[in-house]
Number of protein chains: 2
Amino acid sequence: MNRILEDVIRKNADTIERITGENTMGYVVADNTTNSVAETSFDNTGAQAIVKHLHGVLVSSCQSVVRDLDPTNKLCFLRVATRKFEYLVAPEEDFTITVLQ
Amino acid sequence: MNRILEDVIRKNADTIERITGENTMGYVVADNTTNSVAETSFDNTGAQAIVKHLHGVLVSSCQSVVRDLDPTNKLCFLRVATRKFEYLVAPEEDFTITVLQ
């Protein structure tokens with residue numbers, strides 16, 4: 001796992017604890033540079049599917065739609081409410097965090 | 001504009017009034033069957049860009065990602081928070097509503 005991401009996860013351990021403590025179903029932290037799972041509370045298959053489809057397909061599609069509509073604008077956060085649960089996606093520079101609640 | 005949509009807009013006039021009264025920047029109601037703007041508070045160019053990019057590209061991409069992750073699940077609502085404002089997108093069967101706040 002890349003060094004920056006390790007530091008961030010260590011520094012935010014209590015935040016991750018708090019987020020996953022409350023009534024969330026789980027989380028995935030993905031390393032954007034290698035498009036791989038860095039940290040997760042799910043099984044690896046489930047986490048990899050989220051990284052592949054949600055981060056890989058949806059976040060990039062969303063970033064380009066936001067820029068198509070206004071080149072000076074930028075995607076900050078994405079909430080996808082589905083019939084079963086909600087995906088909360090925070091795309092950062094080096095990593096992307098998704099929490100399910 | 002299709003009959004169903006006209007009825008829905010007429011029946012929900014006070015809701016639309018309330019939504020657009022509060023601190024929202026505007027809204028677009030799009031007819032899904034013709035992919036055209038049915039009702040909007042924006043100028044036509046801006047509204048058409050939202051229908052084309054947000055409804056046409058992002059909503060469909062999001063619907064398929066949700067199904068790829070879980071075929072029994074379904075997209076209900078989408079919130080795209082950007083640096084400048086937030087898009088609230090409600091994809092229904094016959095029409096899609098987007099509010100900017």
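Derivation of every value follows stated rules applied to the coordinates shown; laboratory data play no part. The model shown is predicted, which means the values in this text are computed figures rather than measured ones. Positions of Cβ are generated from backbone atoms using ideal geometry, with glycine treated the same way; all protein chains shown enter the neighbour counts.
What does the average come to when, for each residue of peptide A:72-82, you count the partner chain Cβ atoms lying within 10 Å of its Cβ?
Neighbouring Cβ atoms belonging to other protein chains average 6 per residue here.
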Sequence-distant lysines (8 or more away, or on other chains) whose Cα lies within less than 27 Å of A:Lys84: A:Lys52, B:Lys74
Placed amide H near B:Ser41: partners under 5 Å, 5+ positions off or other chain: B:Tyr27
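I need A:Glu6, B:Glu86 ordered by Cβ neighbour count within 10 Å, fewest first. Walk me through the numbers before you get to the answer.
Numbers: A:Glu6 13, B:Glu86 16.
In order of increasing Cβ crowding within 10 Å: A:Glu6, B:Glu86.
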Inter-chain Cβ neighbour average for residues B:32-44, partner chain, 10 Å: 0
Peptide A:46-58 - average C-beta neighbours from other chains (10 Å radius): 3
Alpha-carbon centroid distance for the pair segment B:47-81 / segment A:38-62, whole angstrom: 16
